[in-house]
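Novice: One structure follows; several queries about it will come next.
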Amino acid sequence: MHYTIVDSPLGRLLVASSARGLCLIGLADDDAGLLQELRRAAPQAQLLRDDGGLAAIAAALTAYLAGRGPCPALPLDLPGTPFQRRVWEALRAIPYGETRSYRQIAEGLGLGPGAARAVGGACAANPVALVVPCHRAVASDGQLQGFRWGLERKRALLALERQQR
């Protein structure tokens, strides 16, 4: 697995990719936390720092975080369950700058409103937030809930997208 870590407007950005596609994105205040997350996510993988090979992807994601347009469509290598993959596709269908409640996402998938928690769980398991925009999922009352990189970053991402609409 190849990875790079670069500066971004929301902190240090980790991008990790297999030969098939992007498999992990991370945001943190320091590299140590990102490397720990990468090792936890891929304990058996040989990790190779590849700043040059991932420069274009890192630059595209950094441009998105700087408010220069939507997150690009990138090839993905995601190991989720069938349910998680359905949720992640539903998240990708939410238009840039808009939000949907966990309940709306569940209902859009043909599930009952009680499945909103399961949708939240799939969002929490999303290893490539930004490309699969789980920050666009909110509570039914519009309040922000859970985000692997903290509510301040979720708030910043939503504000960035709303400004660009």
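Novice: Which whole-number percentage describes the relative contact order of the chain, with Cα contacts under 8 Å and a sequence gap of 6 or more? Could you put the intermediate results ahead of the total?
Specialist: Values: 253 pairs, mean separation 36.8, N = 165.
Here the relative contact order equals 22 percent.
Novice: Per DSSP H run of at least 4 residues, take -39500 (n - 2.57); add these up for the chain, divide by its residues and hand me the 222 nm value, nearest 500 deg cm²/dmol. Please report the intermediate quantities before stating the final value.
Specialist: Working: 6 runs with 63 residues, N = 165.
So the helix-based figure for the chain works out to -11500 deg cm²/dmol.
Novice: Given 0.36 nm per residue, what is the gain on full extension from residue 98 to residue 47 after removing their alpha carbon distance, in nm?
Specialist: Details: separation 51, 0.36 × 51 = 18.36 nm, distance 3.55 nm.
So the extension gain works out to 14.8 nm.
Novice: In the chain, which Cys residues have no partner Cys with a Cβ closer than 4.7 Å?
Specialist: Unpaired cysteines in the chain: 23, 71.
Novice: Can you give the translational diffusion coefficient of the range 82-164 in µm²/s, computed by Stokes-Einstein from the Kirkwood radius over Cα pairs at 37 °C and 0.692 mPa s?
Specialist: Numbers: Rh = 12.4 Å.
Taking Rh from Cα pairs, D becomes 264 µm²/s.
Novice: Could you sort the peptides 15-24, 144-153 by per-residue average Cβ neighbour count (10 Å cutoff), highest mean leading? Show your work: numbers first, answer last.
Specialist: Details: 15-24: 19.4, 144-153: 15.8.
Going from most to least packed, we get 15-24, 144-153.
Novice: Please work out whether the range 2-65 counts as rounded, prolate or oblate from its C-alpha gyration tensor, where a ≥ b ≥ c are the square roots of the eigenvalues and a/c under 1.5 means rounded, while otherwise a/b larger than b/c means prolate and anything else oblate? Provide the component values of the computation, followed by the final result.
Specialist: Values: a/c = 1.97, a/b = 1.21, b/c = 1.62.
Judged from the Cα gyration tensor, the range 2-65 comes out oblate (a/c at least 1.5, b/c at or above a/b).
Novice: What distance in nm separates the two pseudo spin-label positions at residue 6 and residue 145, each 7 Å out from Cα along the beta-carbon direction?
Specialist: 3.5 nm
Novice: So, one more: Extension gain residue 152-residue 20, at 0.36 nm per residue separation less the Cα-Cα distance, in nm?
Specialist: Value of the extension gain: 44.4 nm.
Novice: Quick one: what does P(r) look like for the chain with 5 Å bins over all Cα pairs, in whole %?
Specialist: Percent of Cα pairs in each bin: 1, 9, 19, 22, 20, 15, 9, 3, 1, 0.
Bear in mind that the values in this text are calculations on the coordinates, not laboratory data. Every value quoted in this text rests on a predicted model; they were computed, and no experiment measured them. Cβ coordinates were reconstructed from backbone atoms using ideal geometry, including for glycine residues, and neighbour counts include every protein chain displayed.
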